[in-house]
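Student: If you scroll down you'll find the structure; I have some questions about it.
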Amino acid sequence: MKKLAIVGSDPASRHLAPFEDTAFDIWVFNEAANHEWCKRWTAVFQMHDPNIYTGHNTKDPKHWEWLQQCRKKPIYMQDIDPLVPDGIRYPIEDALKLAGAEMFTTTFAYMAALAILQGYEYIEIHGMGLSASEYDYQKFGYAYWMGFLRGKLGADNVVNTITHVGADLFNSPRYGYEGNFSFGAEYFMQRSVFNENNWKAAEKSLNNLTDATLKAIRNYDFNKVPELAKELQAAALLSGEHAGALSESDRYQKFGSRYADRGGFENAAAKAQNELEAKRILIWHFGGMVEYVWNVWNQSNNQTAAQQLRIYIQEMVKRAYEAGAMLGVYKENIEYLKKYDVIANAGGRVLIEA
């Protein structure tokens, strides 16, 4: 039996991959092959545009350098790149014909299609932890290809260990079995207390880091500022996240004991997800400006540059806080969806048993 393991980078389940079993081929994503946790691989899928894979990579700064080395193992790409000796053009035409639909929303989709085209009979999928930013965009493609694989190979021959936000992707309530029920104002009140406590703690940390960063700029402590700026961005994201979650629990608390609305939770999460992506672009923009102005300041010791640096750091923090708020709104509504589905499924089981 021809066996394959598709392995993502999520630490919650990537270790479950059969690295020691040489009966399996191991396919990994992007820069994963150059990390210590990846004990063995037989193919890499780098399906991004050249501007992406040749540019700055936060997960592996040496990724482009790594791609240019010859290892005599396939690296599947959109097109041949003469600077990538192991690069192989992905057979997109064959994949589209196989799929019968434009359903390639994730690198996993390209892997699944090629696995069928290459005749694999047993497939394990590990390390696939869909993040909040990926989930809404990629989930349909992931579900499509999981169904495709199981339809072709049989459910017993496709093992899946998806985690994080996408963990409930294949555990939805049964249509027609879910009834009407209310979470109650008391539930949302408890969520608000929980979220407010988290927000206050995060806000205190954010304020402390803000003071430390501004002090470092005033003291011309050049070496401390870049690291403090990174910590400040992360603290702003976290504080914003708790603020966003708190705003949602407060909002739903006002609804009292009316019936829970699954569609309402989904719409709120989707809207927040869309706004999050737009705000993330602004974080990257102002983060880049902070780095640029810091270099000017570091080289010139100029007071004007120091003032400009403070302005851009404040803008970066503002955008990070706003992005965090959208993430908090998203996560809070996902929490409600999970609770809804647990209750709906429980109700479904009672109806079935009756």
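Student: Being in contact with a Ser or Thr (Cβ under 6 Å, 6 or more places away or on another chain) and of a type in the set (Phe, Trp, Tyr) narrows it down to one residue among TYR259, TYR330, TYR252; which is it?
Tutor: So the residue among TYR259, TYR330, TYR252 that is in contact with a Ser or Thr (Cβ under 6 Å, 6 or more places away or on another chain) and of a type in the set (Phe, Trp, Tyr) is TYR259.
Student: Only one of ALA270, ALA245 is within 13 Å of ILE334 (Cα to Cα), loosely packed, with under 14 Cβ neighbours inside 10 Å and of a type in the set (A, V, I, L, M, F, W, C); which?
Tutor: ALA270
Student: Which of the residues belonging to the stretch 204-234 are outside any helix (DSSP H, G or I) and either acidic (Asp, Glu) or free of Cβ contacts under 8 Å to residues at least 24 places away in the same chain (or both)?
Tutor: Within the stretch 204-234, ASN219, ASP221, ASN223 qualify.
Student: Considering only residues that are assigned to a helix (DSSP H, G or I) and among the polar types (S, T, N, Q), look in the stretch 243-286 and name the one that is nearest to ALA185 (Cα to Cα).
Tutor: GLN253
Student: List, please: which pairs have Cβ atoms under 7 Å, are six or more places apart or on different chains, and start with a residue in the stretch 319-341 that is of a type in the set (Phe, Trp, Tyr) and end with one that is not in a helix (DSSP H, G or I)?
Tutor: TYR340/ALA260
Student: Tell me, please, whether a residue that is of a type in the set (Asp, Glu) and either under 17 Å from ALA269 (Cβ atoms) or in contact (Cβ under 8 Å) with a residue 60 or more places away in the chain (or both) can be found in the stretch 297-316.
Tutor: Within the stretch 297-316, not a single residue is of a type in the set (Asp, Glu) and either under 17 Å from ALA269 (Cβ atoms) or in contact (Cβ under 8 Å) with a residue 60 or more places away in the chain (or both).
For every residue, the table says whether it meets (1) in contact with a His (Cβ under 8 Å, 6 or more places away or on another chain); (2) assigned to a loop (DSSP other than H, G, I, E, B); (3) of a type in the set (Phe, Trp, Tyr).
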| residue | (1), (2), (3) |
| --- | --- |
| PRO18 | no, yes, no |
| TRP27 | no, no, yes |
| ARG40 | no, yes, no |
| HIS48 | no, yes, no |
| ASN57 | yes, yes, no |
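Student: Give the stretch 3-39 a look and list any residue that's farther than 21 Å from VAL158 by Cβ and of a type in the set (Lys, Arg), or say none.
Tutor: Within the stretch 3-39, just LYS39 meets the criteria.
Student: Hey, can you tell me all the residues within the stretch 29-38 that are of a type outside the set (A, V, I, L, M) and either in a strand (DSSP E or B) or within 18 Å of GLN69 (Cα to Cα) (or both)?
Tutor: Across the stretch 29-38, the qualifying residues are PHE29, ASN30, GLU31, ASN34, HIS35, GLU36, CYS38.
Student: Ok, one more. Would you mind telling me which numbered condition in (1) part of a helix (DSSP H, G or I); (2) in contact with a Leu (Cβ under 9 Å, 6 or more places away or on another chain) TYR76 fails?
Tutor: Among (1) part of a helix (DSSP H, G or I); (2) in contact with a Leu (Cβ under 9 Å, 6 or more places away or on another chain), the lone unmet condition for TYR76 is (1).
Student: Further question: Identify the residue in the stretch 177-199 that is at pLDDT below 90 and among the acidic types (Asp, Glu) and, among all such residues, is surrounded by the most Cβ atoms within 10 Å (Cβ to Cβ).
Tutor: The residue in question is GLU178.
Student: Quick one: would you say GLY119 is under 26 Å from ASN160 (Cβ atoms), modelled with pLDDT of 95 or more and of a type outside the set (A, V, I, L, M, F, W, C)?
Tutor: Against the criterion (under 26 Å from ASN160 (Cβ atoms), modelled with pLDDT of 95 or more and of a type outside the set (A, V, I, L, M, F, W, C)), GLY119 qualifies.
Student: Answer yes or no as to whether ASP81 is in contact with a Lys or Arg (Cβ under 7 Å, 6 or more places away or on another chain) and either touching a residue at least 12 places away in the same chain (Cβ under 8 Å) or surrounded by 12 or more Cβ atoms within 10 Å (Cβ to Cβ) (or both).
Tutor: Details: in contact with a Lys or Arg (Cβ under 7 Å, 6 or more places away or on another chain): no; either touching a residue at least 12 places away in the same chain (Cβ under 8 Å) or surrounded by 12 or more Cβ atoms within 10 Å (Cβ to Cβ) (or both): yes.
No; evaluated as a whole, the condition is false for this residue.
The values are calculated or read from the model by the stated rules, or taken from the named source; none is laboratory data. This structure is a prediction, so every number in the text was calculated from the model and none was measured. We place every Cβ from the backbone using ideal geometry, glycine too, and count neighbours over all the protein chains shown.
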